[in-house]
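Novice: This is the structure I want to talk about, given as structure tokens.
Nothing in this text is a laboratory measurement; each read-out follows from the coordinates by a stated rule. Being a predicted model, the structure only gives us computed values, none of them experimental. Here the Cβ is made from the backbone with ideal geometry for all residues, glycine too, and neighbour counts use every protein chain on show.
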Amino acid sequence: MRVLVTGGAGYIGSHTVLQLLGAGHSVVIADDFSNAKPSVIGRLEELAGVSIPVHRVDLSDYPATAELIAAEQQGEGIDAVIHFAGFKAVGESVDKPLDYYRNNLDTTLSVLEAMRAGGVRTFVFSSSATVYGENPVCERTEDMPTSATNPYGWTKVMIEQILRDLAVADDSWRIGVLRYFNPVGAHPSGRIGEDPSGFPNNLMPFVTQVAVGRRQELSVFGDDYDTVDGTGVRDYIHVEDLAAGHIAALERLGQIDAPWSVWNLGTGSGVSVLQMVAAFAAASGREIPYRIAPRRPGDLAANWADPAKAHRELGWRATRTLDDMCADSWRWQSQNPDGYPD
Ligand code: UFG
């Protein structure tokens with residue numbers, strides 16, 4: 001297949017691009033580089049050994065997006081779109097709700113309308129475990145009701161609804177919604193990985209920045225949750241396993257009758273913050289100084305995926321261990337202490 005990957009220069013997008021190429025697909029990237037460095041493209045080309053067409057485009061600009069897809073359709077064509085592009089910082093979304101609703105909804109609508117105009121009907125969407133909201137059942141299954149606790153999460157819930165409505169209206173679409181748990185890790189080469197701009201919002205990039213000396217200590221947000229050691233429990237998944245889930249979903253969408261499907265992408269196991277710190281220290285040989293801080297508002301005590309549906313329907317399951325996640329995150333961060341070059 002020839003696949004348009006929006007946000008293909010980002011963390012999950014870049015790893016998925018490499019796996020698509022490795023699986024024999026071709027790739028076109030669309031990215032505005034608002035939260036990714038252009039130097040990632042050279043690294044992808046070096047690792048894949050091919051040149052990758054890149055459109056620098058603001059996907060909320062419908063005429064530009066439609067023109068991009070129309071132009072591709074007149075050339076080699078596009079068979080599917082994997083849509084990663086979007087704003088993703090939970091805390092920032094609380095401060096800037098309009099920016100989040102505007103950007104995440106506009107880009108998705110623009111891409112879908114441009115696909116419709118260009119005759120492309122296969123769409124894979126980056127959703128999130130955040131759509132399970134505050135459900136007290138920690139093990140998340142796809143049939144649970146969706147909800148959210150912040151504007152970022154609501155954009156995911158709303159886009160899922162838009163996609164359901166679209167599938168009802170026109171069953172020629174093949175839409176796969178992937179609900180990610182907590183992506184960590186990096187490509188085993190150490191050449192591509194997660195490079196957050198500014199202060200890291202998530203646990204693993206914070207831990208790796210402490211390990212490399214960019215930050216003094218980790219704040220552990222709360223140690224009085226009802227969990228194994230009182231700290232928050234999440235389902236961390238290696239980004240390489242997550243990327244493989246996209247290829248499995250894309251290939252499956254070509255074989256199924258349903259216009260809309262949803263799959264959790266997680267390991268099925270919960271790991272606490274302190275367990276992660278210990279695993280990272282063991283994998284990296286670096287001590288991670290930390291102090292216990294108050295709970296972060298909006299955080300849940302524990303959640304993890306039930307990944308059975310993805311295994312049953314996609315033949316996919318996560319295979320990388322916690323040690324792989326830590327070792328690969330550390331290789332990336334230690335080889336690129338300041339992230340990608342400008
Ligand atoms: N944590 C710390 N210190 C930090 C950062 C995080 O103790 O500096 C803790 C959190 O309190 C939580 C755990 O580490 O217990 C994981 O936190 P992350 O911020 O890495 O991940 P979240 O589970 O909060 O959020 C992630 C994604 C969101 C997504 C959500 C879905 O970042 O985009 O999962 O469940 F919405």
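Novice: Across the range 297-313, which residue is surrounded by the fewest Cβ atoms within 10 Å (Cβ to Cβ) among those that are within 13 Å of the ligand (Cβ to nearest atom) and within 22 Å of C326 (Cβ to Cβ)?
Specialist: D299
Novice: Which of the residues spanning the range 173-204 are within 8 Å of the ligand (Cβ to nearest atom) and more than 13 Å from the chain's Cα centre (by Cα)?
Specialist: Passing the criteria: P200, N201, L203, M204.
Novice: Would you confirm, using the coordinates I've provided, whether R234 is closer than 12 Å to N182 by Cβ and either charged (D, E, K, R) or away from the ligand (no atom under 15 Å from the Cβ) (or both)?
Specialist: Yes, satisfied.
Novice: Still on this structure, please answer the following. Quick one: in the range 220-231, which of the residues that are within 10 Å of the ligand (Cβ to nearest atom) and more than 23 Å from G268 (Cβ to Cβ) is surrounded by the most Cβ atoms within 10 Å (Cβ to Cβ)?
Specialist: Per the stated criteria, the residue is V220.
Novice: In the range 206-219, is there at least one residue being in contact with a helix residue (DSSP H, G or I) (Cβ under 7 Å, 6 or more places away or on another chain), in a helix (DSSP H, G or I) and within 9 Å of the ligand (Cβ to nearest atom)?
Specialist: yes
Novice: From the list A129, A117, pick out the single residue that is aliphatic (A, V, I, L, M) and within 12 Å of the ligand (Cβ to nearest atom).
Specialist: A129
Novice: Exactly one condition in (1) under 22 Å from Y340 (Cα atoms); (2) touching a Pro at 6+ places or on another chain (Cβ under 7 Å) is false for I192; which is it?
Specialist: (2)
Novice: Just to be sure I understand, how many residues within the range 81-98 are touching a Ser or Thr at 6+ places or on another chain (Cβ under 8 Å) and more than 15 Å from the ligand (Cβ to nearest atom)?
Specialist: Qualifying residue count, the range 81-98: 3.
Novice: Would you point out which residue out of F181, F123 is touching a residue at least 24 places away in the same chain (Cβ under 8 Å), out of contact with any Ser or Thr (no Cβ under 9 Å at 6 or more places or on another chain) and surrounded by 23 or more Cβ atoms within 10 Å (Cβ to Cβ)?
Specialist: Residue meeting the stated conditions: F123.
Novice: Any residue at all in the range 238-254 that's touching a helix residue (DSSP H, G or I) at 6+ places or on another chain (Cβ under 7 Å), within 16 Å of the ligand (Cβ to nearest atom) and assigned to a loop (DSSP other than H, G, I, E, B)?
Specialist: No, that holds for no residue.
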